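The structure appears below as structure tokens.
What follows draws every value from the coordinates through simple rules; no lab data is involved. This is a predicted model, so every value here is computed, not measured. Here the Cβ is made from the backbone with ideal geometry for all residues, glycine too, and neighbour counts use every protein chain on show.
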Amino acid sequence: MRETHSSHRRAPPASAARIALYEAGAEARFEQVDLRTKRTAGGQDFRRVNPLGLVPALELDSGLVFTENAAVLQRIAHAHPKAELLPSDADGAARLQQWLCFIGTELHKGVFTPLLDEQAPAEAKAYALSRAPSRLEYLASKLSGREHLLERFSVADAYLFAILNFALVTPVDLKPWQAITSYQARLHERPSVARAFQEELPLYREEQAALKRRAS
Ligand SMILES: N[C@@H](CCC(=O)N[C@@H](CS)C(=O)NCC(=O)O)C(=O)O
């Protein structure tokens, strides 16, 4: 498996796919992508992998490529059934899909992407930020009294943890929702999450330093 991710992430570390791969104990090779130039660390044009130039992308040993967090995460989970990263029953599978869609559309794209995008106009950022409280209120009500989104840790938790991290570098304030902040703290204790965070932190710091150098 080859997983591509951003070296110009404009957001703090611990990508969802990396967490899922570590959780599964999968053998994987990671390849950085500069999202500004759309070049991989190996010098390839990343648009050949994903014409939209978005990470993550997952390439299997068979050569099949998957993009979109929801698909990448579920493909990783299916490749490693022993890790039980997704439910096998119909209700559980639909519930997982519900969460992956909520995280991908309502949080990732609906709230955080415009706030992280240097090109987004101020009005778009303000609109995105105005959507945060209702989405977080809903999430907090669902997390209240539970350890994970589903009965046990799943790839939806990997995705949610990664996306909630974006609050660290955007004006989204999670503090009013204690069910969310305690969930974050709990997940941070998981070895897969802690490892992903630790390994991506130097990459993030490097990127921030490069951005500062370029700006000065
Ligand atoms: N719908 C995609 C969105 C992925 C996405 O937005 N990735 C960001 C990094 S978090 C990206 O590649 N941004 C680069 C760009 O917007 O050019 C998914 O769910 O995987």
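For the range 98-112, take each phi angle, set θ = phi - 60°, evaluate the Karplus expression 6.51 cos²θ - 1.76 cosθ + 1.60, and give the result in whole Hz per residue in order, putting x for glycine and proline.
For the range 98-112, the Karplus curve yields 4, 5, 4, 5, 4, 5, x, 9, 6, 9, 4, 7, x, 10, 7 Hz.
Divide by every residue of the chain the summed helix terms, -39500 (n - 2.57) for each DSSP H run of at least 4, and state the resulting mean residue ellipticity at 222 nm, rounded to the nearest 500 deg cm²/dmol.
-15500 deg cm²/dmol
Please find the FRET efficiency linking residue 98 to residue 182, where r is the Cβ-Cβ separation and R0 is fixed at 22 Å, and quote it to the nearest 0.05.
Plugging the Cβ-Cβ distance into 1/(1 + (r/R0)^6) gives 0.50.
Describe numerically, in nm with one decimal, the distance between label points set 7 Å from Cα along Cα→Cβ at residue 84 and at residue 208.
Going by the 7 Å Cα→Cβ label model, 3.8 nm.
Counting only C-alpha contacts under 8 Å and six or more residues apart, can you give the relative contact order of the range 26-103 as a whole percent?
15
In nm, to one decimal, how far is the residue 198 label point from the residue 91 one, both placed 7 Å along Cα→Cβ?
Label-label distance for residue 198 and residue 91, simple model: 3.9 nm.
Take the Cα atoms of the range 95-216, find their three principal axes, and give me the spread along each one in whole Å, biggest first.
49, 35, 26
When all alpha-carbon pairs of the range 25-160 are counted, what percent fall beyond 18 Å?
Tail fraction, whole percent: 63.
Taking just the alpha carbons, could you work out the radius of gyration and Dmax for the range 158-216, both in angstroms?
13.6, 41
How compact and how long is the range 23-68, expressed as Rg and Dmax of its alpha-carbon atoms in Å?
So, for the range 23-68, Rg and Dmax equal 11.0, 31 Å respectively.
So between residue 39 and residue 127, what do we pick up on full extension, going 0.36 nm a residue minus the alpha carbon distance?
In short, 28.5 nm is gained.
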